[in-house]
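Notes for the one structure printed next.
What follows draws every value from the coordinates through simple rules; no lab data is involved. Please read these numbers as outputs of a predicted model, since none were measured by experiment. Glycine gets a Cβ as well: all are built from the backbone with ideal geometry, and neighbour counts include every protein chain shown.
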């Protein structure tokens, strides 16, 4: 951990977010695909497939980058995002949902899911979560 409390990976994510805020978003989907292409395997294959699932399950979501990660937004608000395992040196990738996602279920519900492999059952669960998140 860095002296100021942030790891080098966290600092890189913050710099990426600042760049995203300043950049002209002429083709946000291209930006997402470029970020995916920069990933190492197996993150890249997983991100490519999740991108396709999200685009099919919720075509109304707009692809964009968010802290350097592929994300999908509705009305300018990020609904879900993919965090590669390599981004913060974790042992699994994460599919996360923001507070704008409509996944509420009682007093407590999950908003992030570890993704170790994409099986047909996992792909269907992702599609269902994304459809529910959009509302």
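If I stretch the segment between residue 48 and residue 29 completely, what's the gain in nm (0.36 nm per residue apart, minus their alpha carbon distance), one decimal?
Numbers: separation 19, 0.36 × 19 = 6.84 nm, distance 1.21 nm.
Stretched fully, the residue 48-residue 29 segment lengthens by 5.6 nm.
With a ≥ b ≥ c the root eigenvalues of the C-alpha gyration tensor of the chain, is it rounded (a/c under 1.5), prolate (a/b larger than b/c) or oblate? Please report the intermediate quantities before stating the final value.
Numbers: a/c = 1.36, a/b = 1.26, b/c = 1.08.
Rounded, because the longest to shortest axis ratio a/c is under 1.5.
To the nearest 10 degrees, how steep is helix 120-134 against the longest Cα principal axis of the chain, on a 0 to 90 scale?
90
How far is helix 43-57 tilted, in degrees, relative to the longest principal axis of the Cα atoms in the chain, given as a value from 0 to 90 rounded to the nearest 10?
Computed tilt is about 40 degrees.
Would you compute, from DSSP H runs of 4+ residues alone, the mean residue ellipticity of the chain at 222 nm, taking -39500 (n - 2.57) per run and dividing by the full residue count, rounded to the nearest 500? Before the final figure, lay out the partial values.
Details: 4 runs with 56 residues, N = 135.
So the helix-based figure for the chain works out to -13500 deg cm²/dmol.
Please give the length that would be gained between residue 123 and residue 18 if that part of the chain were fully extended, namely 0.36 nm times their separation in residues minus their C-alpha to C-alpha distance (nm, one decimal).
Details: separation 105, 0.36 × 105 = 37.80 nm, distance 3.18 nm.
So the chain would gain 34.6 nm between residue 123 and residue 18.
Listing 67, 92, 72 from the residue with the fewest other Cβ atoms within 10 Å to the one with the most, what is the order? Display every interim value, and only then the final one.
Details: 67 18, 92 13, 72 25.
Exposure proxy ranking, most exposed first: 92, 67, 72.
Name the most mobile residue of 68, 106, 96, meaning the one with the largest mean-square fluctuation, in a Gaussian network model of the chain with Cα contacts below 10 Å.
106
How would you classify region 85-135 from its alpha-carbon gyration tensor, with a ≥ b ≥ c the square roots of the eigenvalues: rounded for a/c under 1.5, else prolate if a/b is greater than b/c, otherwise oblate?
Working: a/c = 2.28, a/b = 1.39, b/c = 1.63.
Verdict is oblate for region 85-135.
To make sure I understand, if each residue's beta carbon is the centre and we count other beta carbons within 10 Å, what order do 107, 43, 27 fall in, fewest to most? Write down the numbers at each step before the final one.
On the way: 107 5, 43 19, 27 11.
Lowest count first: 107, 27, 43.
Going by how many other beta carbons lie within 10 Å of each one, how would you line up 105, 128, fewest first?
Details: 105 8, 128 11.
Fewest-to-most Cβ neighbours within 10 Å comes out as 105, 128.
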